[in-house]
Structures are given as structure tokens and as C-alpha cells.
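Notes follow the structure.
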Amino acid sequence: MGMKGSVRFATVDEVFKMTGLKPGSIPPFGSLFGIRTACDNALKDEPSINFNAGDHSISIQMTFEDYAKAEDPLPADVTNAPTPVS
């Protein structure tokens, strides 16, 4: 199950109106703002993920498994697989 269609970044004004936060400081918990969260499937292969916690100077690190349990994000194929370096 994944997302289809086009995606764009919200404008600075749209971000602030929806969250009360500045772009780049919003944590990946759309449920805090009544927004469905999508998450790239590639993140589940990472040992941990890092993200801002509502402020540009505060970050959180957690396992993807813990994040998925807390947020239940919609799985999406957003990125391309990395090309091996030879």
C-alpha cells in the first residue's frame, strides 16, 4: 500500500497556519496536528531515525519501529533506491 499522485512542499504560511511551527522544525507526527503522516518505506531499513522536535535546535533519535508504533504512518515509496558505488 502506498501513495500515488503529486506531492509538494507546503508554503511557509501554510506550515505555520497548520502547525504553529516554522518549516524544518516540525516533527514527523502529523497526528499532533490532525494531519495524516506518510513515511518513505526506505526508513524502515535504518537502525534509527532523527528528526526535529518542534524547534530547530532540539532533535530526537528513535528506532523506526518505535516511531511506527507511535505514529502509524502511511507507507509511501518516495525516494529512489541508492545506486551502488563501484
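The values are calculated or read from the model by the stated rules, or taken from the named source; none is laboratory data. Only a predicted model underlies this, so the values are computations on that prediction, with no experimental measurement involved. In this analysis, Cβ positions are derived from the backbone assuming ideal geometry, glycine residues included, and neighbour counts consider all displayed protein chains.
Rundown of residues vs (1) farther than 16 Å from Gly30 by Cα; (2) among the hydroxyl-bearing types (Ser, Thr, Tyr); (3) out of contact with any strand residue (DSSP E or B) (no Cβ under 9 Å at 6 or more places or on another chain); (4) not in a strand (DSSP E or B), yes/no style:
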{"position": "Leu43", "(1), (2), (3), (4)": "yes, no, no, yes"}
{"position": "Pro47", "(1), (2), (3), (4)": "yes, no, yes, yes"}
{"position": "Ala53", "(1), (2), (3), (4)": "no, no, no, no"}
{"position": "Gln61", "(1), (2), (3), (4)": "yes, no, no, no"}
{"position": "Glu65", "(1), (2), (3), (4)": "yes, no, yes, yes"}
{"position": "Lys69", "(1), (2), (3), (4)": "no, no, yes, yes"}
{"position": "Val78", "(1), (2), (3), (4)": "yes, no, no, yes"}
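From the list Asp66, Asp40, Asp72, pick out the single residue that is under 11 Å from the mean Cα position of the chain (by Cα) and at pLDDT 90 or above.
Values: Asp66 fails: under 11 Å from the mean Cα position of the chain (by Cα); Asp72 fails: under 11 Å from the mean Cα position of the chain (by Cα).
Every option except Asp40 fails the conditions.
Look at (1) touching a residue at least 40 places away in the same chain (Cβ under 8 Å); (2) out of contact with any Pro (no Cβ under 7 Å at 6 or more places or on another chain) and you find that Ala38 fails only one, number (2).
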